[in-house]
Each structure stands twice: as C-alpha cells, then as structure tokens.
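This report refers to the structure that appears directly beneath it.
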Amino acid sequence: MHGWGRRGTINAMSAAVALLLVLALAVAVLDWVAVHARLRALEFVAKPLTIVTLIVAVAAMSTASRAAQLFFLGALAFSLIGDVFLMTKRDRLFVFGLGSFLAGHLAYIVGLWFLGVTLPWFLAGLVVVAIFVATIGLRVVNGVRHGASRELTVPVIAYMGVISLMVASAVSTQRPLAIIGASLFYASDALIAWNRFVDPKPWGEIAIIVTYHLGQIALALSLVS
C-alpha cells in the first residue's frame with residue numbers, strides 16, 4: 001500500500017513537472033511572437049511568465065541533488081529580475097540587468113558543481129570558451145570600450161568571465177542538456193552584446209529570445225537527466 005502510494009505521488013509529480021515545462025515552452029513561444037511582432041504589452045507578460053513557470057517546474061522536480069535544485073531556483077529568480085530590467089530598454093537600467101544575470105550565472109555555476117563535475121572536462125570547457133573570448137569576446141569588449149557606453153567595459157568583461165565559467169562548468173558535468181542549455185544561454189548573451197556594442201542585426205532580437213528561453217529550459221531539464 002505504501003509503495004503504491006509513493007509511486008503514485010512520484011508519477012503525479014513527474015506529470016505535473018512535464019505539464020509545467022510544456023506550459024513554459026508554450027508561453028515562451030508566445031513571447032517570441034510578441035518580440036517578432038513588436039507587441040510590447042504581450043512581451044511584458046509572456047517573458048517574465050515563462051521564467052515564473054520554469055521556477056515552479058524546477059521547484060516541483062524530484063532531483064538527486066537538493067542543493068543543485070536550490071541554486072538553479074536562485075539562478076532563475078535572478079534571471080527573472082534581469083528580464084524585468086532589460087525589458088524596459090532603458091540604458092541606465094542595463095547595468096542592473098547585467099548584474100542580475102551575473103548573479104544568476106554564479107548561482108548556476110554552484111548548482112552545476114553540485115551535480116558533479118570532472119576536472120578534465122572542466123579544462124576542456126575552459127579551452128572552448130577561451131577560443132570564443134579571444135575572437136568574438138574581444139570584438140565585443142573593443143566595441144564597448146570605443147563606443148558610447150565605455151563605462152560598461154569592466155562590467156561587461158566581468159560578466160563575460162562569469163558566463164564563460166558557467167559554460168565550462170556545464171561541460172564538466174558531462175550532462176548533454178546542461179551543455180546545450182549553457183551554450184544556448186551563451187549564444188543569447190553573445191548576440192545581445194554583439195547587437196548592442198558591435199553590429200546590430202535585424203534578426204537579432206528574435207534570435208536572442210529564442211536561444212535564451214531554450215537555454216533556460218534545457219538547463220532546468222538537466223537537473224533530472
């Protein structure tokens with residue numbers, strides 16, 4: 001009797017988590033449409049709601065590491081705050097959005113290490129991100145340094161270092177979804193920086209939001225895969 005009850009509870013929880021993740025993806029798609037069609041009112045609802053739904057889904061997960069789960073929840077909470085700052089599209093709030101996401105990446109780093117890492121894979125991840133920083137990253141830093149927002153040079157460099165460590169940490173877990181999620185998040189932030197400081201692209205905004213949401217969802221799923 002007790003075994004069946006427990007199994008039924010776990011199955012119900014798994015079904016609820018799956019439903020929440022599908023709902024998060026559905027709301028994310030709605031946000032993508034809003035960004036593409038420039039429906040600002042809809043974007044102000046759909047973008048934060050996507051992360052809120054993900055937070056509920058992660059909180060409901062049954063994971064091997066409670067510590068990792070808690071730090072992932074913290075990362076999503078900081079991401080939600082960062083989303084609110086960046087949605088305003090006010091230059092004076094950009095640094096606060098940057099700081100919120102930096103804190104989120106620090107939380108992801110700790111959470112990923114609680115999932116279990118291996119040093120050789122971490123070093124391999126560092127090599128990969130170092131190549132990126134030496135090419136795309138330097139172009140971005142030069143764009144910031146010689147542009148109208150040169151006061152953001154140090155914050156951007158700090159942010160680039162932290163998110164690079166997050167990607168290397170994801171690689172070190174050897175979990176495919178963690179690696180995919182971190183890489184998509186990296187791509188999203190690289191596109192934000194490129195669009196803002198180097199060379200704006202007409203397709204940039206939609207590419208940024210799609211890679212961002214898919215990255216967050218993949219990272220959430222890495223907790224149970």
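The values are calculated or read from the model by the stated rules, or taken from the named source; none is laboratory data. Computed from a predicted model, the values in this text were never measured in an experiment. Backbone-built Cβ (ideal geometry, glycine too); neighbour counts: all protein chains shown.
Miscellaneous remarks
- Failed item in (1) of a type outside the set (S, T, N, Q); (2) touching a residue at least 40 places away in the same chain (Cβ under 8 Å); (3) more than 20 Å from Ala170 (Cα to Cα); (4) surrounded by 19 or more Cβ atoms within 10 Å (Cβ to Cβ), with Leu76 passing the rest: (3)
- Just so you know, in the range 177-225 the residues that are modelled with pLDDT under 90 and within 19 Å of Gly99 (Cα to Cα) include one that is surrounded by the fewest Cβ atoms within 10 Å (Cβ to Cβ), and it is Arg196.
- Condition met for Gly104 (modelled with pLDDT of 95 or more and either surrounded by 20 or more Cβ atoms within 10 Å (Cβ to Cβ) or not aliphatic (A, V, I, L, M) (or both)): yes
- Sole residue being more than 23 Å from Pro176 (Cβ to Cβ), out of contact with any Ser or Thr (no Cβ under 9 Å at 6 or more places or on another chain) and at pLDDT 95 or above, chosen from Val140, Val52: Val52
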